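A.B. asks: Quick one: the structure is below, and I'll ask about it shortly.
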C-alpha cells in the first residue's frame, strides 16, 4: 500500500496527464511526467504509457542514482534524472504540443506579442536534437539554466517547476503565444511594435570588461541608462521615480538605483529599497549575458523579488530596456 507524499504525487501525475490530453498537448503514448519524492527518488511515467489514460500501474518509482537500467523506464529518463541532479525542481513535464512544434519547426525564436507571454515566458530557448529521443540531455540542461521552459526543435517541450500546475501553466502559455503569433500574421506579416524596436536596438558593448557585480560594472550600466533616450522618454512619461536594488546572494553585495523620472540620480551600495531583486551568481551571470530576462526570472522563481511585482510592472517598458542594457556591459 502506498501512503503519504508518494500517493499524493501519483494522484497529481494522473490528473496532469488527463489535463494534457484534454488540452490537446499530449497524444497517444507521447510525452512523460516525473516528480521528486526526496533527494534520491523520483516517480516517472513508464515507457509506452498514455498520459491521457494514466494509471497508478504506469508510474514507476526510481532511485536516480541506482536504477538507470530499471525495466519500463522511458528513453527520456536520462533527461529527467539530469534535471533533478542539476536543479531543485520538484516536477518535470515533457510533452509534444502541436502548435508549438509546428511553429518552431519554421521559426527559431518566439514572437512574443502579449505582455503576459513576455512576462511569464521571456526568451524561450530552443534546443536542436538529431534523433527522435533526447540523446543530448546536457543541451537541455544548459537551456533550462536560462528558463524553466525549453523547446526541443522537431520534438516537443520540457517544463520544470516546483509543482505540476506551474509547469503546465508555462506550456499552456507557450501554446497560446504561438497561436496568437499565427493569428497576428494573418492580419499583418510585418507586424512589429515600438517596444520591440527599442529592445532590439544594438548599442554595442564597451571595450572594457568588468568583474561581475563590481562597482565599475554597475556604474557602467548606470552610465548607459542615463544616456539612453528611450528610458529617458518613457521615464518621464511614466514618472519612473523609485528605488530599485539588485543583490548578489553569494556575498550580500548590493547596489541601489535611485531613479528620478527615468534618470538614475544616485547609486548606493545597499539594498534598503522597496524593491530588491536577488539571485545567486550563476543566475546573475545569465542575466548580464542577456540570456535571461529579469522579469521572467522572478515569475519563474530563479530570482527573488522583495516588493510587489504587480506594482513594479507599471514600469515594465523602461525596466525591460534597463535589463536589455545589462548585457551591453561586458563581464569577465
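A.B. asks: Rank these for me by crowding, 303, 212, 13, going from fewest to most other beta carbons within 10 Å.
C.D. replies: 212, 303, 13
A.B. asks: Would you mind telling me the antiparallel percentage of the DSSP bridges in the chain, rounded to 5?
C.D. replies: The antiparallel fraction comes to roughly 80 percent.
A.B. asks: Have a look at 132, 97, 274 and tell me which one the Gaussian network model of the chain (Cα, springs below 10 Å) gives the largest fluctuation.
C.D. replies: 132
A.B. asks: Once both labels are modelled 7 Å past Cα along the beta-carbon direction, what's the residue 135-residue 40 spacing in nm?
C.D. replies: Placing both labels 7 Å beyond Cα along the Cβ direction yields 3.3 nm.
A.B. asks: Still on this structure, please answer the following. For the chain, what relative contact order do you get, as a whole percent, if you take Cα pairs closer than 8 Å and at least 6 residues apart?
C.D. replies: It comes to 14 percent, rounded to a whole number.
A.B. asks: Among 315, 284, which comes first, then next, by fewest other beta-carbon atoms within 10 Å?
C.D. replies: Exposure proxy ranking, most exposed first: 315, 284.
A.B. asks: Compute the relative contact order of region 257-332 as a whole-number percentage, counting only Cα pairs closer than 8 Å that sit 6 or more residues apart in sequence.
C.D. replies: Here the relative contact order equals 32 percent.
A.B. asks: Note the angle between two axes, namely the Cα long axis of helix 316-326 and the longest principal axis of the Cα atoms of the chain, as a number of degrees from 0 to 90, rounded to the nearest 10.
C.D. replies: In the chain, helix 316-326 runs at an angle near 90 degrees to the longest axis.
A.B. asks: Could you compute how fast the chain diffuses translationally, taking Rh as the Kirkwood radius over C-alpha pairs and applying Stokes-Einstein at 4 °C with viscosity 1.567 mPa s? Give it in µm² per second.
C.D. replies: Result for D is 61 µm²/s.
A.B. asks: Right, another one. Once every DSSP H run of n ≥ 4 in the chain is given -39500 (n - 2.57) and the sum is divided by its residues, what mean residue ellipticity at 222 nm do you get, rounded to the nearest 500 deg cm²/dmol?
C.D. replies: -12000 deg cm²/dmol
A.B. asks: Only Cα pairs within less than 10 Å get springs; with that Gaussian network setup on the chain, which residue of 129, 308, 286 has the largest fluctuation?
C.D. replies: The residue that fluctuates most here is 308.
A.B. asks: At a 10 Å Cβ-Cβ cut-off, how would you order 170, 113, fewest neighbours first?
C.D. replies: Ordered by Cβ neighbours within 10 Å, fewest first: 113, 170.
A.B. asks: Still on this structure, please answer the following. Nearest 10 degrees, 0 to 90: what angle lies between the long axis of helix 164-187 and the longest principal axis of the chain (Cα atoms)?
C.D. replies: Taking Cα atoms only, the helix is inclined about 70 degrees.
A.B. asks: Which semi-axes, in whole Å and largest first, does the equivalent ellipsoid of region 31-74 have when worked out from the alpha carbon gyration tensor as the square roots of 5 times its eigenvalues?
C.D. replies: 18, 11, 7
A.B. asks: Relative to the longest principal axis of the C-alpha atoms of the chain, give the angle of the C-alpha long axis of helix 77-86, reported between 0 and 90° and rounded to the nearest 10°.
C.D. replies: 40 degrees
A.B. asks: Let me ask something additional. Please work out the Cα center distance from region 12-36 to region 91-121, rounded to the nearest Å.
C.D. replies: For region 12-36 versus region 91-121, the Cα centre distance is 17 Å.
Just so you know, all these numbers are worked out from the coordinates, no wet-lab data involved. Being a predicted model, the structure only gives us computed values, none of them experimental. Positions of Cβ are backbone-derived with ideal geometry, glycine not excepted, and every protein chain shown enters the neighbour counts.
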